[in-house]
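Novice: One structure follows; several queries about it will come next.
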Amino acid sequence: MAPTCVPPKRPTCPQCQRPASACLCALARPARHQAQVLILMHPLEVGHAKGTGRLLHLCLPHSRVLVGEAFEPQSLAQALAEPWGNTERAAPRRALLLYPPVPPGGPLPVAPAPLPAGWLAEPARLRLVVLDATWRKSRKMLWANPALQGLPRLALQDTPASRYAIRKAHAPHQLSTLEATQLALQQLEPGNAGLAALGEAMDAFVAGQRAFWPAAMLDASNNTP
């Protein structure tokens, strides 16, 4: 029997966990922010070349990534509520889910808790929970995790059209994870000019993907002598 040839694995960046040829690290722009950000990444987004969740994590020093769809309840409860360091024990974070009050497709079994008065006045005590997934997969994540369903919600206001044309959106207001999180943090921290770094990172990411846009490739072929 002839030996089976196993192709060598491509080198992977240990920081962004992407293939070395598609490393995101040079695109990251560190942003100043008070609210922590917990990124719950759907497994299908982990290796997705068009996903922005990993780049978002690289830009936000006060962020963490948890990969999964149906999380183990205790692990999820710890990620939502427990301090990320000893210095936080005197002022625990308040978990707030970035999601519409009524998700696409209708209400979920567990109604979200009302947003307590005064929470938004203290962004340094908030832990913004972001679902890094398509709309369909994000709803599936909510169905699978009642603890997420019950969190108070933060809905985006005055949402602009997404700049990320390479990934299909079903409505103009549907944004990439990075874009949506930047807008959410700007709502929570309206005077924080440091959040502009997220927009710069998004611009750099889009510029790097521009060659893959069908329109861009068509223009390039039409302009070829």
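Novice: Within segment 53-60, can one find any residue that is free of Cβ contacts under 8 Å to residues at least 40 places away in the same chain and open to solvent by 20 Å² or more (accessible area, probe 1.4 Å)?
Specialist: Yes, the conditions are met somewhere in segment 53-60.
Novice: Now a separate question. Give me the residue from segment 127-137 that is farther than 15 Å from Glu179 by Cβ and touching a residue at least 40 places away in the same chain (Cβ under 8 Å) and, out of that set, most open to solvent (accessible area, probe 1.4 Å).
Specialist: So in segment 127-137, the residues farther than 15 Å from Glu179 by Cβ come out as 127, 129, 136-137.
Of the ones still in play, those that are also touching a residue at least 40 places away in the same chain (Cβ under 8 Å) are 127, 129, 137.
Numbers: Arg127: 0, Val129: 0, Lys137: 36 Å².
Here the answer is Lys137.
Novice: Residues to consider are Met141, Met217; find the one that is at pLDDT below 95, in a helix (DSSP H, G or I) and either open to solvent by 60 Å² or more (accessible area, probe 1.4 Å) or hydrophobic (A, V, I, L, M, F, W, C) (or both). Please lay out each step first, then the result.
Specialist: On the way: Met141 fails: at pLDDT below 95.
Step by step, each of Met141, Met217 is checked, and only Met217 is at pLDDT below 95, in a helix (DSSP H, G or I) and either open to solvent by 60 Å² or more (accessible area, probe 1.4 Å) or hydrophobic (A, V, I, L, M, F, W, C) (or both).
Novice: Another question about this same structure. I'd like to check something: does segment 153-164 contain any residue that is within 30 Å of Ala26 (Cβ to Cβ), in a loop (DSSP other than H, G, I, E, B) and modelled with pLDDT of 90 or more?
Specialist: Going through segment 153-164, the residues within 30 Å of Ala26 (Cβ to Cβ) turn out to be 156, 159-164.
Those still in the list that are in a loop (DSSP other than H, G, I, E, B) too: 156, 159-164.
Filter again for modelled with pLDDT of 90 or more, leaving 156.
Yes, segment 153-164 has at least one match.
The values are calculated or read from the model by the stated rules, or taken from the named source; none is laboratory data. Here the structure is a predicted model, which means the values were calculated and not measured. Because the Cβ atoms are built from the backbone with ideal geometry, glycine has one as well, and the counts that use them run over all protein chains shown. Accessible surface is based on the protein model in full, side chains and every heavy atom, while ligands, DNA and RNA are left aside. Shrake-Rupley method; radii C 1.70, N 1.55, O 1.52, S 1.80 Å.
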